[in-house]
1. In whole Hz, what ³J(HN,Hα) sequence does the stretch 165-173 give by Karplus (6.51, -1.76, 1.60; θ = phi - 60°), x for Gly and Pro?
2. Within the chain, which is the longest segment containing none of the GluC sites (Glu not before Pro) that sit in a DSSP loop and have at most 10 other Cβ atoms within 10 Å?
3. In square angstrom, what is the accessible area per residue of the chain with a 1.4 angstrom probe?
4. Through the Karplus equation 6.51 cos²θ - 1.76 cosθ + 1.60, θ set to phi - 60°, convert the phi angles of the stretch 13-28 into ³J(HN,Hα) values in whole Hz; use x for Gly and Pro.
5. Using a 1.4 Å probe on the protein heavy atoms, what percent of the accessible area of the chain belongs to carbon and sulfur?
6. Which of the chymotrypsin sites (Phe, Trp or Tyr not before Pro) found in the stretch 168-231 are loop residues per DSSP with 16 or fewer other Cβ atoms within 10 Å of their Cβ?
7. Does the stretch 33-146 come out rounded, prolate or oblate, given a ≥ b ≥ c as the square roots of the eigenvalues of its C-alpha gyration tensor, rounded meaning a/c under 1.5 and, failing that, prolate meaning a/b above b/c?
8. Got a sec to turn the phi values of the stretch 304-312 into Karplus ³J(HN,Hα) couplings, 6.51 cos²θ - 1.76 cosθ + 1.60 with θ = phi - 60°, whole Hz, x for Gly and Pro?
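The values are calculated or read from the model by the stated rules, or taken from the named source; none is laboratory data. Computed from a predicted structure; not experimentally measured. Neighbour counts run over all protein chains shown; Cβ positions are idealised from the backbone, glycine included. For accessibility, only protein heavy atoms count, side chains too; no ligands or nucleic acids. Shrake-Rupley method; radii C 1.70, N 1.55, O 1.52, S 1.80 Å.
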Amino acid sequence: MPNNNQPSYEVPVSTVKIASFNLLNYLEPPMAYYDFQNIYTTEQWHKKQAWITRFVTKNQPDIIGFQEVFSSDSLQALLKNAGYPYYAVVDTPTVIDDFIYRSPVVAIASKYPIVDIAPVVADQRAAALLGLTDFNFSRQPLRATIDIPHIGLTDCYVTHFKSKRSLFDDPLPDTIVPTDTALSRFVGQRLGSWGSAMLRGTEANLLLLAILKQREASTRPMLLMGDFNDELSSSCLEQLIAGNVFGMSDSDIERLIGYYRLYDSWNLFIHNTEQPDLPRPPTHYFGAKTSVLDYILLSQEFNAQYLGSLFEVSDYHTENKHLINSSFDEDGYSTDHSIPCVTLSLRS
């Protein structure tokens, strides 16, 4: 639940900074994540806490969406000491055998008042149209309504979509292919990967539906941040920023659909700064392969191309020193993701 101890803040700020932060197994010892051997020592935990504190002190984001949160109370205490009086979660991780934790949750922290918090619930009627029954997000997204200076109440969403890990770990049953064969492993991985992609795409589109229904009801600005576990250009996620409507003219799309669209903050940044060829920094590294998995999407109130916008994206920074030029003493227990930070500046 949101922290209702609301200190006053000075309204005449001209910038607001947003960050999306995958914490990587944020779990206070002596609890274990996923397996009984995965327990931070006291020293390791203190290093992880110190790294997070250094990040927020250096970058000073005003609103942070977190993923991979196990120890919510510890995170809230750390952030309160770092100048974030408002914090909220809507879910709890799964605990097995009393001390092994699974299914981490998302959270949000803010320097500005969180006036409402709610879990995002999938529309079961829409899920049924997709042939799904009793659909649930693999990780519960949240919506926090935050009172941001100048722009007022804004609906801020945090999500962590289904990973690319196979949808099932067990071998395929004999009725499909013979088990314990190369064919079984090959086909199993293909089906499992496709199942994960379908789930990730379904989560993205049902979350988008919930966001747009809230937009229609509240008329508030909106932003979405999180670990999407895939490229935004992928077939299962591209609908999040799509603006086309089959059979509708370009003029009608511009007039009627822009209000509901979400825009990739990176694209807004390179357009505003006239740097179309600027390479986008990755947020995840796997061997020699890099990818962008972490995103911050914004509604048209933050899009300078919209004449009625109040803010524009003036800076886009990806905190990645801990991955590309790391020091084990400082970065050894940080995170395996870069952290995108977007600066929104008030338009004159």
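1. 4, 3, 5, 9, 9, 6, x, 5, x
2. Working: sites that count: GLU10, GLU274.
Excluding the exposed sites themselves, the longest stretch runs over 11-273.
3. Values: 16920 Å² over 348 residues.
Per-residue value: 49 Å².
4. Per-residue couplings from phi come out as 8, 10, 9, 10, 10, 10, 9, 10, 9, 7, 7, 6, 6, 7, 9, 6 Hz.
5. On the way: 8910 of 16920 Å².
That share works out to 53 percent.
6. Details: sites: PHE168, PHE186, TRP194, PHE228; in loops: PHE168, PHE228.
In loop regions of the stretch 168-231 (DSSP not H, G, I, E or B), the sparsely surrounded chymotrypsin sites (Phe, Trp or Tyr not before Pro) are PHE168.
7. On the way: a/c = 2.82, a/b = 1.30, b/c = 2.17.
Cα axes put the stretch 33-146 in the oblate bin.
8. 4, 6, 8, 4, x, 5, 9, 10, 9
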